[in-house]
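These notes are about the structure you will find just below.
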Amino acid sequence: MSQPTLLSDVGKVLIDFDFSIAARRLAQHCDHPAETVLTLFDDIKGPYEVGDIDDAEFVRQGMALTRFRGTPQEFEAIWCEIFAQNEPMHATLGALAGKLPMHLLSNTNELHKAYFLREFPIFQHFQNGVYSHTARCAKPGEEIFHKTAAQLDLDPARTFYIDDLAANIATAARLGFRTFHYSFAKHSQLQAELDEWLTTQGIG
Ligand SMILES: [Mg+2]
């Protein structure tokens, strides 16, 4: 039987990210300026996020496109060191630990996923996750939500879904999930709506 569950996006919900940090560091290792170096990734970022190319191929192509001066390990570190934990969310979820299942649903890639799961304690609150690069499809499409519900045994009507992107929220709402369109500035509103929802689900 499906039970009340919390399902959360990752970027700009559980952790903040700033690609300009990577851009500035990349610029120090190649001949492209920080302002434009990230555009070189436009054609490989999407395929990487849905698993059409793997880590080694992404790193190889990324280094070739930028003419990166450094090692693959240095390239990977620059690609990954763009995140910071959302502390208010860490506190909110810590208070819920053990009270209901919590899972992740993220458009991401293997390097970032391995990095954020390893680096940030907020992910200790989560039992499972569905990721675009292994699901081979991405939000805001419906397919990844269907796969997530099937794989994690979710009843959308009893699942509270948090995401910062309106298009993702629209798909989830259309499929019957209880949704919250998050931003860091709206954290206290999330806390209030989550508390109210938990009460309606019999979780105090
Ligand atoms: Mg996000």
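The values are calculated or read from the model by the stated rules, or taken from the named source; none is laboratory data. Please read these numbers as outputs of a predicted model, since none were measured by experiment. Ideal geometry is used to build each Cβ from the backbone, glycine not excepted, and the neighbour counts take in all protein chains shown.
Worth a mention:
- Residues located in region 77-127, provided they are in contact (Cβ under 8 Å) with a residue 12 or more places away in the chain, in a helix (DSSP H, G or I), of a type in the set (A, V, I, L, M) and out of contact with any helix residue (DSSP H, G or I) (no Cβ under 6 Å at 6 or more places or on another chain): 89, 96
- Tallying residues that are within 16 Å of the ligand (Cβ to nearest atom) and either of a type in the set (Gly, Ala, Ser) or at pLDDT below 95 (or both) within region 142-172 yields 4.
- Residue list for region 22-62, filter: of a type in the set (Val, Ile, Thr) and in a loop (DSSP other than H, G, I, E, B): 36, 50, 53
- Any hit, region 4-21, residues being more than 16 Å from the ligand (Cβ to nearest atom) and in a helix (DSSP H, G or I): yes
- Residues of region 47-76 satisfying the condition of being small (Gly, Ala, Ser), free of Cβ contacts under 8 Å to residues at least 60 places away in the same chain and surrounded by fewer than 18 Cβ atoms within 10 Å (Cβ to Cβ): 56, 64, 70
- Test for residue 18: is it loosely packed, with under 13 Cβ neighbours inside 10 Å and free of Cβ contacts under 8 Å to residues at least 24 places away in the same chain: no
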